[in-house]
1. For segment B:79-114, how many residues are more than 14 Å from chain A (Cβ to nearest Cβ) and of a type outside the set (Lys, Arg)?
2. Is it true that some residue in segment B:335-351 is surrounded by fewer than 24 Cβ atoms within 10 Å (Cβ to Cβ), modelled with pLDDT of 95 or more, among the small types (Gly, Ala, Ser) and at positive phi?
3. Starting from residues that are surrounded by 20 or more Cβ atoms within 10 Å (Cβ to Cβ) and acidic (Asp, Glu), keep the ones in segment A:190-242 and report whichever is farthest from the other protein chains (Cβ to nearest Cβ).
4. Condition test on B:Trp76, is it more than 13 Å from chain A (Cβ to nearest Cβ) and under 19 Å from B:Val134 (Cβ atoms)?
5. Go through the residues of segment A:49-66 one by one and say whether even a single one is closer than 26 Å to B:Ala46 by Cα, assigned to a helix (DSSP H, G or I) and not β-branched (Val, Ile, Thr).
6. Which residues, counting only those in segment A:280-309, are among the aromatic types (Phe, Trp, Tyr) and more than 12 Å from every other protein chain (Cβ to nearest Cβ)?
7. Quick test of your reading of the structure: B:Pro277 fulfils all but one of (1) touching a Pro at 6+ places or on another chain (Cβ under 6 Å); (2) more than 24 Å from B:Glu326 (Cβ to Cβ). Name the failing condition by number.
8. Go through A:His291, A:His305 for me and flag whichever is modelled with pLDDT of 95 or more and not in a helix (DSSP H, G or I).
Number of protein chains: 2
Amino acid sequence: MDERLQRTAAAAKSVAADWAVLTNFDSVCYAAGHVVPIEAGTSPFAGGPTTAFVGADGTCGLVAANVEGGAANASWADKIVLYEGFTFDHPADLGSNYAEAVTNVVHELGIGGVAGIEPASFPAQLTGTFDRTVDLTHPFQRARATKTDAEKVLMKRAAEAAAAGQRRFRTATRDGRTELDIFADIRAAIENFAGERVAITGDFLSGKERTAGFTGWPIDRVVNDGDPLISDLAPRVAGYWGDSCAASVLGVPNEGYLKLFTAAKEALDRAVEIMRPGVVIADLDAQLRAHVARAGYAYPHHSGHSLGTSVHEWPRLVPFENATLEPGMFLMVEPGAYDPAIGGVRTEWMIEITTDGCRPVAPFEHLPGISSGE
Amino acid sequence: MDERLQRTAAAAKSVAADWAVLTNFDSVCYAAGHVVPIEAGTSPFAGGPTTAFVGADGTCGLVAANVEGGAANASWADKIVLYEGFTFDHPADLGSNYAEAVTNVVHELGIGGVAGIEPASFPAQLTGTFDRTVDLTHPFQRARATKTDAEKVLMKRAAEAAAAGQRRFRTATRDGRTELDIFADIRAAIENFAGERVAITGDFLSGKERTAGFTGWPIDRVVNDGDPLISDLAPRVAGYWGDSCAASVLGVPNEGYLKLFTAAKEALDRAVEIMRPGVVIADLDAQLRAHVARAGYAYPHHSGHSLGTSVHEWPRLVPFENATLEPGMFLMVEPGAYDPAIGGVRTEWMIEITTDGCRPVAPFEHLPGISSGE
């Protein structure tokens with residue numbers, strides 16, 4: 001049995017639930033190994049959320065529309081019921097078909113009793129199946145915070161995809177191109193690495209105003225020599241998210257930019273020095289902020305976050321998090337420095353907590369400038 | 001009041017609902033003008049689905065996470081409640097924040113009574129707000145089938161974005177490039193047209209086997225001279241989907257391919273000749289299939305579909321649809337012809353039904369071959 005399934009079952013048990021009922025795309029991916037497609041939004045051929053049921057003994061049921069058949073059949077669910085979503089030669093009542101598929105799985109696996117649910121996406125139509133529901137969010141988050149051996153391979157591959165994008169960022173950024181043109185080349189590098197289309201989130205920003213504003217997707221702004229850029233790339237490969245952020249000026253960075261860049265990059269270096277099991281996250285967060293503050297700057301966002309089948313998972317590196325680092329956590333660390341008169345810098349790596357310290361995963365080089373010959 | 005809001009209210013009234021409660025991303029976009037971002041899946045900072053409430057008099061309430069604040073403030077909702085999803089300096093309980101925002105809107109607008117809902121996405125946590133729920137799916141689909149004047153502008157722009165992609169398909173397709181490389185250029189053309197990132201679905205296929213299989217996203221397959229290609233591009237621009245499909249051989253098409261191509265393209269031409277108000281959709285579907293059958297081929301998919309804020313809307317052009325064409329419908333028409341020994345062809349345009357006939361919207365040229373000099 002996949003260890004993720006065991007952990008899901010244990011999380012359900014911890015809140016006295018008989019079944020975990022998972023309806024978020026990332027949770028279904030984690031517990032059942034079913035990579036729900038996300039890039040075009042919910043399928044118009046779905047009658048309900050793709051749903052995984054996990055019993056206390058690790059039995060796993062999966063309900064998905066037929067358009068997700070390929071992905072579902074690659075999952076490790078014991079019982080997969082695909083319902084008719086897409087048809088062309090006879091009508092399909094999507095809602096009824098989803099409900100019937102659920103009834104089928106419920107009957108086959110003896111599902112009932114207390115359900116551990118995800119309230120943000122638990123559909124009203126599943127309510128009648130259970131005596132009672134309890135919120136599974138908190139224990140399920142914690143069960144996922146350290147990665148299994150199988151997940152470590154997936155995390156590394158996702159980080160490598162992000163790094164492939166960051167290398168392309170440096171060669172694709174040239175005077176006169178739009179952010180969208182550069183981002184298209186970056187995406188192609190990531191997708192060629194993965195061998196398939198890849199959902200990507202993050203930020204792609206150029207110019208003083210946009211980089212100082214620190215967040216946003218690429219637009220048709222033309223990049224010119226001297227512009228600061230932020231390239232925050234989070235690709236989803238085989239259901240697992242990588243993440244990364246590089247910042248550079250196109251051309252030779254001036255003194256002000258170098259000061260910003262150094263503040264952020266040194267804070268990241270400091271994180272690599274101090275991250276190890278037992279470190280309290282609030283303390284880590286405080287140290288990174290203090291380092292940037294000594295240079296006269298601050299960043300209006302978290303210092304980082306865990307990730308996996310969701311691009312933001314628990315724990316987040318925030319001032320109010322009193323949990324400690326544990327071996328097997330994979331954390332994004334992303335200190336920044338922003339100045340409206342100069343622009344913004346954010347430098348981010350994925351960092352794995354080891355038994356006695358930490359190591360960056362598939363790190364790419366952080367450099368303050370991009371020369372036009374790259 | 002936007003006509004879409006009026007139509008939503010009328011749909012709710014038709015099933016004796018006091019309020020329409022909309023939780024699908026496309027429905028929220030239609031009724032409230034709030035373009036929910038979709039490309040990276042549900043936000044990890046959401047405590048529930050972005051939700052629109054529409055009263056019988058057209059009053060509109062909207063609940064969204066703060067990360068969607070920009071889009072929400074551009075909507076036409078009367079009452080917008082943004083709840084804390086993303087925070088970094090204090091904790092946020094996403095589920096409670098969503099629930100509290102809903103309570104706030106419910107109180108302010110006097111929401112209650114009978115709710116017209118979308119069962120596929122109606123969350124259990126909204127159940128207690130209403131005396132009773134009724135299924136709004138069917139009347140809401142029908143309310144959206146003809147486009148308002150404001151929507152016609154958006155449909156045309158989305159079709160133009162697709163056409164920009166199809167023109168780029170012809171110049172980007174060269175011997176030795178991967179499907180992903182070509183698709184990246186196509187995406188860049190579409191995104192530069194739109195001035196922003198664009199969600200895209202559809203298919204991109206090369207080679208006999210993949211094109212004969214008719215569906216799938218691009219992979220790292222290398223395209224060679226003589227390969228058939230299918231470029232089915234459906235971009236979402238400002239919340240509205242365009243769609244389109246071109247098919248070509250890279251190089252000079254042989255006789256077998258020309259036969260396939262002609263069967264599909266002539267069926268499309270036939271559609272433009274016969275589509276007008278009053279035509280029964282099942283008859284239209286039958287005529288297109290009959291035309292392709294006379295050439296010895298068939299297509300295992302619908303003949304087309306409506307679209308708008310969802311990429312597939314009612315009515316679909318299928319054998320079992322007895323509705324008639326009406327002025328103001330925007331329909332994708334996409335007859336195909338497939339032969340495992342040759343490959344596949346699908347030729348698709350967006351077609352607007354006018355008062356006395358129809359017209360293709362932003363049509364691009366359908367050509368059977370791509371010469372290397374393009």
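The values are calculated or read from the model by the stated rules, or taken from the named source; none is laboratory data. Since the structure is predicted, the reported quantities are computational estimates derived from the model, not experimental observations. Cβ coordinates were reconstructed from backbone atoms using ideal geometry, including for glycine residues, and neighbour counts include every protein chain displayed.
1. Of the residues in segment B:79-114, 15 are more than 14 Å from chain A (Cβ to nearest Cβ) and of a type outside the set (Lys, Arg).
2. Looking for residues that are surrounded by fewer than 24 Cβ atoms within 10 Å (Cβ to Cβ), modelled with pLDDT of 95 or more, among the small types (Gly, Ala, Ser) and at positive phi, one finds none in segment B:335-351, hence no.
3. In this case the residue turns out to be A:Asp227.
4. Answer is no for this residue.
5. So far as segment A:49-66 goes, no, none of its residues is closer than 26 Å to B:Ala46 by Cα, assigned to a helix (DSSP H, G or I) and not β-branched (Val, Ile, Thr).
6. Of everything in segment A:280-309, just one residue is among the aromatic types (Phe, Trp, Tyr) and more than 12 Å from every other protein chain (Cβ to nearest Cβ), namely A:Tyr297.
7. The single condition B:Pro277 does not satisfy is (2).
8. A:His305
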